[in-house]
């Protein structure tokens, strides 16, 4: 293994499905879903959501918890002075900003606390939590592709020698009145649940959650005899530069992202043993993604989306998908496409968890604004 290869030595994961990585995994392979009918805001009607608790969670609390899990899982001790930080979010402190706006309407004065809820503050809070100093601290924001973008930026920090260890991922607490109203106005919200790639799909279900990975150079991981989940092999990142809230239907830009990722990872389409799909259960999104897969990959490649279990965690979804991919490689088990009823597409969709030999997997994220992000992960050598 090359010394500058990038490996994953720790994972923190919290979602409505479970309070840690193992709990999430066990619930997922049991085909359980965290989606339930909730009414967190009296002014809005009940709606299917994947809430971690009875009420929307604080972004700050959720991030701190996921980060602590990742550090402990990697067997590290604080402080981590030389550990880079790349923690992204597509909504960041949306709930706090909405509350600030309400307060301002009643008392139009500038609140000094507003500086603590700027978009980059979550990444800074993470750096303070782990005691990192004199290292890069980044806060990517790339819609639903944020999670993979964050891992990519951490990967680059290690590959270029700027860091030997980076904490990377994304966290999302998106259940707010404005977010719900916006997606409802777009006609994107499901009425009963999330059914990715099903002919009966209705739209997305918002969920809370986050995943943070400890990335290290292979040299550092081997020197400290760390347990290695997998190796990050490469990325493809493009933008449609077309529509604000739907994919370019020809799929050219998204196809390019997939091909870039395969080329940079030295893989052929036939080398891929599993694809963790974005699979939001929207009409156009699932059709677009299915066409991409049909165009590039053999029909036999197993595919699943886990959003029927966790809900759509927006910017955190790619990081959560990466965590599930790493767990799948470790356990050699294909995770099921929870919520699949009657498949609409001619794909090898995983309906039941099953043992399967896997060495190379891909994780997809496709976000608003035409963001296309693809990541390749392999079983450790």
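Out of segment 101-136, which residues are assigned to a loop (DSSP other than H, G, I, E, B) and under 22 Å from residue 62 (Cβ atoms)?
If the condition is that a residue be assigned to a loop (DSSP other than H, G, I, E, B) and under 22 Å from residue 62 (Cβ atoms), then 118, 119, 120, 131, 132 are the ones that fit.
Hey, can you tell me all the residues within segment 143-164 that are buried (at least 23 other Cβ atoms within 10 Å of the Cβ), farther than 13 Å from residue 212 by Cα and in contact with a helix residue (DSSP H, G or I) (Cβ under 8 Å, 6 or more places away or on another chain)?
144, 145, 163
Would you mind stating whether residue 34 is within 20 Å of residue 172 (Cα to Cα), in a loop (DSSP other than H, G, I, E, B) and touching a strand residue (DSSP E or B) at 6+ places or on another chain (Cβ under 6 Å)?
Considered against the rule, which asks whether it is within 20 Å of residue 172 (Cα to Cα), in a loop (DSSP other than H, G, I, E, B) and touching a strand residue (DSSP E or B) at 6+ places or on another chain (Cβ under 6 Å), residue 34 comes out as yes.
Across segment 237-279, what is the number of residues that are over 21 Å from the mean Cα position of the chain (by Cα), assigned to a helix (DSSP H, G or I) and under 23 Å from residue 349 (Cβ atoms)?
Count: 3.
Out of the residues in segment 281-303 that are touching a residue at least 40 places away in the same chain (Cβ under 8 Å) and touching a helix residue (DSSP H, G or I) at 6+ places or on another chain (Cβ under 6 Å), which is surrounded by the most Cβ atoms within 10 Å (Cβ to Cβ)?
By that ranking, first place goes to 292.
Conditions first: (1) over 26 Å from residue 367 (Cβ atoms); (2) surrounded by 13 or more Cβ atoms within 10 Å (Cβ to Cβ); (3) in contact (Cβ under 8 Å) with a residue 12 or more places away in the chain; (4) more than 24 Å from the chain's Cα centre (by Cα). Residue 100 passes all but one, so which condition is the exception?
(1)
Return the residues of segment 137-157 that are outside any helix (DSSP H, G or I) and under 23 Å from residue 4 (Cβ atoms); say none if nothing qualifies.
137, 138, 140
Could you tell me whether any residue of segment 4-19 is under 30 Å from residue 224 (Cβ atoms) and out of contact with any strand residue (DSSP E or B) (no Cβ under 7 Å at 6 or more places or on another chain)?
Among the residues of segment 4-19, at least one is under 30 Å from residue 224 (Cβ atoms) and out of contact with any strand residue (DSSP E or B) (no Cβ under 7 Å at 6 or more places or on another chain), which makes the answer yes.
Since residue 98 meets every condition but one in (1) assigned to a helix (DSSP H, G or I); (2) in contact with a strand residue (DSSP E or B) (Cβ under 8 Å, 6 or more places away or on another chain), which condition does it not meet?
Unmet for residue 98, out of (1) assigned to a helix (DSSP H, G or I); (2) in contact with a strand residue (DSSP E or B) (Cβ under 8 Å, 6 or more places away or on another chain): (2).
Which of the residues spanning segment 211-234 are surrounded by fewer than 24 Cβ atoms within 10 Å (Cβ to Cβ) and part of a helix (DSSP H, G or I)?
Within segment 211-234, 218, 219, 220, 222, 223 meet the criteria.
Go over the candidates 311, 370, 315 one by one and state the one that is at pLDDT below 95 and over 20 Å from residue 267 (Cβ atoms).
Result: 370 is the single residue among 311, 370, 315 that is at pLDDT below 95 and over 20 Å from residue 267 (Cβ atoms).
For residues in segment 1-25 being assigned to a loop (DSSP other than H, G, I, E, B) and at pLDDT 95 or above, which is surrounded by the fewest Cβ atoms within 10 Å (Cβ to Cβ)?
So, considering only residues that are assigned to a loop (DSSP other than H, G, I, E, B) and at pLDDT 95 or above, the one surrounded by the fewest Cβ atoms within 10 Å (Cβ to Cβ) is 19.
Please find, within segment 63-80, the residue that is nearest to the chain's Cα centre (by Cα) out of those that are part of a loop (DSSP other than H, G, I, E, B), surrounded by fewer than 21 Cβ atoms within 10 Å (Cβ to Cβ) and at negative phi.
Here the answer is 76.
The values are calculated or read from the model by the stated rules, or taken from the named source; none is laboratory data. Please read all numbers here as calculations on a predicted model, not as lab measurements. Cβ coordinates were reconstructed from backbone atoms using ideal geometry, including for glycine residues, and neighbour counts include every protein chain displayed.
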